[in-house]
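First the structure, in the form of structure tokens, and then the observations on it.
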Amino acid sequence: MEPFTNIRALIIDMDGVLWHGNQAITGLTDFFQTLRSQNIRFILATNNASLTPTQYVSKLAKMGVTVTEDEILTSGIATALYLSQHENPATTKVYVLGEEGASEPLSKLGFTLTGLYEINSSKTPNQGADIVVCGKDQTLTWDKLATATLNIRAGAKFIGTNADTTLPTEHGITHGNGAILAALQVATGVEPTIIGKPEPIIYQQAMALLGTDASETIAIGDRLETDILGAVRTGIRSLMVLTGVSTEEDLKNSDYQPTWVMTDIRDVTAALKNLAH
């Protein structure tokens with residue numbers, strides 16, 4: 001295994017790495033205290049677009065960890081940044097199937113958000129969305145799915161904040177945003193454009209925020225097909241922990257591998273403490 005050296009910054013996944021649902025993984029506070037004491041910069045980069053940075057700051061505070069909003073990058077934020085670089089927010093309407101973490105970044109950048117059953121028709125030719133953004137939504141309803149479907153079938157671009165098919169929670173592994181995307185794809189025949197991991201976009205945005213390059217940045221995650229594959233595609237080293245979705249058995253059948261594999265963040269903390277500065 002490659003030596004654990006030249007690590008100036010971390011891009012850290014959250015679900016399955018730092019917690020399961022609302023239950024912190026053992027060693028969480030020591031992990032962050034070590035990052036601060038070692039002056040290792042980090043971005044918490046998650047494919048989960050349901051929460052806002054403010055909500056993530058609050059969630060971590062309840063677990064005894066202090067972070068700033070600038071240290072959080074969700075696939076919802078990454079999606080809004082990506083769309084603002086490709087569309088004019090002032091003239092673009094977006095229907096969001098998702099929660100506040102997906103809608104708030106779009107609103108902040110000036111996009112107009114449409115509501116339920118606002119679609120283009122002969123009677124309402126200019127009501128529909130130009131883009132449908134789909135993120136994890138625990139308030140998912142038939143009407144939300146129908147509105148997204150109707151807009152996509154009417155020609156709206158179809159964007160997925162992420163394609164995680166499952167989500168580790170305190171109850172076990174349940175369905176993720178990829179399952180919602182699959183339903184919409186079957187209903188419309190349109191394949192979504194994905195912004196989150198394993199696409200390099202969110203990792204590239206994180207490195208820009210960190211001010212670091214690929215040689216000194218590593219990604220920490222629990223899922224081979226998103227966190228680790230995203231790092232491979234971005235050209236950065238990766239560390240997989242075994243507290244989330246992917247297992248050691250999965251590694252045996254994978255065409256790509258993380259640079260390191262550790263049991264949990266306690267092992268990561270111990271490795272970081274041994275870094276030579």
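The values are calculated or read from the model by the stated rules, or taken from the named source; none is laboratory data. The shown structure was predicted, so the numbers you read here are calculated from the model rather than taken from an experiment. As a convention, Cβ positions derive from the backbone with ideal geometry for all residues, glycine included, and neighbour counts pool all protein chains shown.
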For this session: Please verify whether region 184-191 includes one or more residues that are hydrophobic (A, V, I, L, M, F, W, C), touching a helix residue (DSSP H, G or I) at 6+ places or on another chain (Cβ under 7 Å), over 20 Å from Pro258 (Cβ atoms) and part of a loop (DSSP other than H, G, I, E, B).
Result: yes
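Rundown of residues vs (1) outside the structural domain of Leu116 (by TED's automatic domain parsing); (2) not polar (S, T, N, Q), yes/no style:
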residue: Thr141; (1), (2): no, no
residue: Ala148; (1), (2): no, yes
residue: Glu170; (1), (2): no, yes
residue: Thr188; (1), (2): no, no
residue: Gln204; (1), (2): yes, no
residue: Thr212; (1), (2): yes, no
residue: Ser215; (1), (2): yes, no
For this session: Looking for whichever is charged (D, E, K, R), surrounded by 18 or more Cβ atoms within 10 Å (Cβ to Cβ), at pLDDT 95 or above and out of contact with any strand residue (DSSP E or B) (no Cβ under 6 Å at 6 or more places or on another chain) here; the options are Glu87, Glu104. Which one fits?
Result: Glu104
Exercise. Filtering region 175-190 down to residues that are touching a strand residue (DSSP E or B) at 6+ places or on another chain (Cβ under 9 Å) and in contact (Cβ under 8 Å) with a residue 40 or more places away in the chain, which residue is farthest from Asp15 (Cα to Cα)?
Worked result: Leu184
For this session: Among the residues of region 13-38, write down those that are without any contact (Cβ under 8 Å) to a residue 60 or more places away in the chain and of a type in the set (S, T, N, Q).
Result: Thr29, Gln33, Ser37
For this session: Within region 194-234, track down each residue that is surrounded by fewer than 22 Cβ atoms within 10 Å (Cβ to Cβ) and of a type in the set (Ser, Thr, Tyr).
Result: Thr212, Ser215
